[in-house]
Amino acid sequence: MAAPRASLRLVAPVWNRGTSGIRGLSKAVDPEGSQRKGRTLLQFLTDRFYDVEAVREYLLQKQVLKVQKKNRFRDREWMRANEQGLSSLEFRKLQEVPVEAVDASGCAINYQGLDNLLALKELQSLSLRRCPHMDDWCLGRLYHLADSLQELSLASCPRISERGLACLHHLQNLRRLDISDLPAVSNPGLTQILVEEMLPHCEVLGADWAQGLKVGPEEQSPDAAGSPIPA
Amino acid sequence: MLRRALRLRLGPCLSGRGLGTYRGGSTLDWDGKVSKIKKKFQSIFPGGAWSPLYDTSHLPPERSDVVIVGGGVLGLSVAYWLKRLEKQQGAIQVLVVERDHTYARASTVLSVGGIRQQFSLPENVQLSLFSAEFLRNINEYLAVVDDPPLDLQFNPSGYLLLASEEGAAIMERNVKMQRQEGAKVCLMSPEQLQKKFPWINTEGVALASYGLENEGWFDPWCLLQGLRRKLQSMGVLFCQGEVTRFISSSSHMETASGEQVTLKRIHEVHVKMDHSQEFQPVECAIVVNAAGAWSGQIAELAGVGTGPPGTMQGTKLPVEPRKRYVYLWHCPQGPGLEAPLVADPSGAYFRREGLGNSYLGSCSPTEEEEPDPGNLEVDYDFFQEKVWPRLAQRVPAFETLKVRSAWAGYYDYNTFDQNGVVGPHPLVINMYFATGFSGHGLQQAPAVGRAVAEMMLEGHFQTINLSPFLFGRFYFGEKAQEHCIL
């Protein structure tokens, strides 16, 4: 009986606008109050029943993927999820419209979670900045988006190394690639050169190839992107 | 308390024996008495190997439930899954015996480290798929408290197998089967191949299969160390020593059709210490033969194949060491970062190594060219005559290259059908095999370990059915031939 209440918590804002046909919604007169009471009752039940806990974990996992994710549909501006984790009713109207860009920066997306993104066959821009669980194995899956992807950002992902970047050669339609600030890449300058050779039509932002080179004693310029003088 | 216990044990014996023998002055059998008293002490304190006279810390324990001969990746994988699948924590004592603690000649660490799903048998594809999933989640499987996570240095670049006209139909069939099992492999025509990898010379290539996911290469040493660390934390004992003898007992049975069969059961494993004649007899319930290239010798010690040829008793384990070379060269104009592990129809293969345009590669010799497996010396002429021409023909950029170094390692080569042997021996009933994988043992080790552990604990395979790989096929002549061997 607690399971329907758990799902009610997520869809409560939407249903409250409509009719309250379900018995459990009788407390929906005061939505904030019911949510507060519902939450402690839910926590009480979660502490005592494994299946309640399992349902809550499952729903939380689904939520995690949606948190802070912004999506852009064709011809429309960015749509952002609100605090409850669900977007507005507009989402329902746009089910047939293909998703053009996804900004999943900072999102805890992992290998299995990528299934959701790879299903978007017309995705043109993908931003995976600062995703803590994106690693080389996940990059090996991105070839599914080869036909449409034009812009990809992998900046600051702590687990991506140059070995994973080698799989990006499938993305021949890529025009902008951001591989800056990847701490696990051993030689950023050399990696940048190799990636540029691998993707000739793509503009690769990232480490300047002079980054690994030491500046000579006579070169006093503080600008690291100036003309490189090998040590 | 000791004395009281001793008195309790000896009491009934004394009264039952009668005074005659005591006063009769029978020969004093001191050795026998001492060993009897020692056994009684051991029975009072179970599990304690009490030897107050000399230091035995370097010796393996006196008994262990499972003794795994061979501490390479297959042996460690079997140990890992045994400890993971045991019904109660700490229920099974496992001892891993490895002759060489530096792993200087072990096939695991000398391997090129590739993993692929492009095989011709569905069982092999499933084994590799599971192993890929294991490697991907290695930090969940092999996590040890307070230790840093493992970095396998996995390159997800895939394998590219090329086929000539004759092999094209077989390749298509194989790819269809691989896709059915869940591998992500795509077929490419020569034109597509030329477009995708312009540095390949597609002359003579009719078809190519390219692995898109879960294929690539990784660092086998890291996997080995990760397994060792995890096993030590799970309570598996490691011993450095060589197995020199098995003490077994035979029992004669009759089959339903009236045929006489001799079943053997191994009771003790004699583990000899390095540089010494000292050995420790380890009492055991099960022995796992994961000795890699030397599995044939271990099997002979256990009595496998000692019998009239043409019978099950006379069927030897057809695993022998075969030497394979790996060469490392530098080629500044070579294929770029996107290069997969390319395997030519002639048998030559290569892959990138690192960021600096270095490449690793080799070629499997034909039966006539097989080098002598007595040592691990490298023959550079083999590269000049056999490997380089084939590579240069396939990748024209390799016409100018400079060999940096090379090494040699052993394949635990199954001369029967180049596929692994798993499961118990039909006659030596408590010896299990996990060997003979002929060059693809490393990539299948996690899954094979689980299969053998399931066989040992449950009596049958539960997750992946490896019945085509049982020992019986050598006697019945049922080949489970693997065609895609590198």
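Threshold 40 Å², probe 1.4 Å: give the residues of region B:302-340, in number order, that are less accessible with all protein chains present than with their chain alone.
B:Leu337, B:Glu338
Quick check: convex hull over the Cα atoms of region B:89-163, volume per residue in Å³, rounded to an integer? Please report the intermediate quantities before stating the final value.
Details: hull volume 13.5 nm³, N = 75.
Considering the Cα atoms of region B:89-163, their hull volume per residue is 181 Å³.
Determine the shielding of peptide A:160-171 by partner chains: average, over its residues, the number of Cβ atoms on other chains within 10 angstrom of each Cβ. Could you put the intermediate results ahead of the total?
Working: counts 0, 4, 4, 13, 4, 2, 12, 10, 2, 8, 4, 0.
Per residue, the average neighbour count from other chains is 5.
For region B:43-199, what does the equivalent ellipsoid look like in terms of its semi-axes, each the square root of 5 times an eigenvalue of the Cα gyration tensor, given largest first in whole Å?
On the way: eigenvalues 398, 57, 50 Å².
Here the semi-axes work out to 45, 17, 16 Å.
Using the C-alpha atoms of region A:118-215, what convex hull volume per residue, in cubic angstrom, is computed? Kindly include the intermediate steps, with their values, before the conclusion.
Numbers: hull volume 7.9 nm³, N = 98.
Here the figure is 80 Å³ per residue.
Keeping all protein chains in position, work out how much accessible area B:Trp221 exposes to a 1.4 Å probe, and write it in Å² to the nearest 10.
110 Å²
Hey, with R₀ at 30 Å, roughly what FRET efficiency would A:Ser186 and B:Ser233 work out to, going by the Cβ-Cβ distance, to 0.05? Kindly include the intermediate steps, with their values, before the conclusion.
Working: r = 29 Å, r/R0 = 0.98.
In this case the efficiency is close to 0.55.
Taking θ as phi - 60°, what are the ³J(HN,Hα) couplings along region B:54-63 by the Karplus curve (6.51, -1.76, 1.60), each to the nearest whole Hz, with x for Gly and Pro?
8, 7, 10, 5, 8, 8, x, x, 6, 9
Go from 0 up to the bin containing the longest alpha carbon distance in region B:285-438, width 5 Å each, and give me the % of pairs per bin.
Each 5 Å bin holds this share of Cα pairs: 2, 9, 16, 17, 14, 11, 10, 8, 6, 4, 3, 0.
Helix-only estimate, please: 222 nm mean residue ellipticity of chain B, summing -39500 (n - 2.57) across DSSP H runs of length 4 or more and dividing by its residues, to the nearest 500. Could you put the intermediate results ahead of the total?
Details: 13 runs with 145 residues, N = 486.
-9000 deg cm²/dmol, from helical runs alone.
Mind ranking B:126-133, B:313-320 by how tightly packed they are, going by the mean number of other C-beta atoms within 10 angstrom, highest first?
Numbers: B:126-133: 22.5, B:313-320: 20.0.
In descending order of packing, they fall as B:126-133, B:313-320.
Quick one: net charge around B:Ala348, please, counting Lys, Arg +1 and Asp, Glu -1 for every other residue with C-beta under 10 Å from its C-beta.
Overall, the nearby charge balance is +2.
Got a sec to turn the phi values of region B:292-302 into Karplus ³J(HN,Hα) couplings, 6.51 cos²θ - 1.76 cosθ + 1.60 with θ = phi - 60°, whole Hz, x for Gly and Pro?
Coupling constants for region B:292-302: x, 5, 9, 5, x, 5, 5, 5, 5, 4, 7 Hz.
Let me understand region B:80-129 better: what is its radius of gyration from the alpha carbons, and its Dmax, in angstrom?
That works out to 15.9, 39 Å for Rg and Dmax.
Compute the normalised compactness of chain B: alpha-carbon radius of gyration over 2.2 N^0.38 Å, N being the residue count.
Working: Rg = 26.4 Å, N = 486, 2.2 N^0.38 = 23.1 Å.
This ratio for chain B stands at 1.14.
Considering only protein heavy atoms, what per residue accessible area in square angstrom results for chain B with a 1.4 angstrom probe? Intermediate values should be presented prior to the final figure.
Values: 22590 Å² over 486 residues.
About 46 Å² of surface per residue is accessible.
Just reorder B:Asp29, B:Asp219 by solvent-accessible area, largest first, 1.4 Å probe, all chains present. Write down the numbers at each step before the final one.
Values: B:Asp29 90, B:Asp219 55 Å².
Heavy-atom accessible area, descending, gives B:Asp29, B:Asp219.
Find the sum over both chains of the accessible area lost when B and A are paired, probe 1.4 Å, and report it in Å² to the nearest 100.
1900 Å²
Using alpha carbon coordinates only, what is the Rg to Rh ratio of region B:374-473, with Rh defined as the Kirkwood radius?
Values: Rg = 19.3 Å, Rh = 16.5 Å.
Radius of gyration over Kirkwood radius for region B:374-473 works out to 1.17.
Accessible surface of B:Asp344 in the full protein assembly, 1.4 angstrom probe, to the nearest 10 Å²?
Rounded to the nearest 10, the figure is 20 Å².
In nm², what is the average projected area of the convex hull enclosing the Cα atoms of region B:322-382? Display every interim value, and only then the final one.
Numbers: hull surface 19.7 nm².
For region B:322-382, the mean projected area of the Cα convex hull comes to 4.9 nm².
Residue by residue through region A:109-119, which ³J(HN,Hα) values in whole Hz follow from phi under the Karplus form 6.51 cos²θ - 1.76 cosθ + 1.60 (θ = phi - 60°), with glycine and proline marked x?
Values per residue, Gly and Pro as x: 7, 10, 4, 6, x, 4, 3, 5, 6, 6, 6 Hz.
The values are calculated or read from the model by the stated rules, or taken from the named source; none is laboratory data. These numbers come from a predicted model, not from an experiment. Here the Cβ is made from the backbone with ideal geometry for all residues, glycine too, and neighbour counts use every protein chain on show. Side chains included, ligands, DNA and RNA excluded: accessible areas come from the protein's heavy atoms. Shrake-Rupley method; radii C 1.70, N 1.55, O 1.52, S 1.80 Å.
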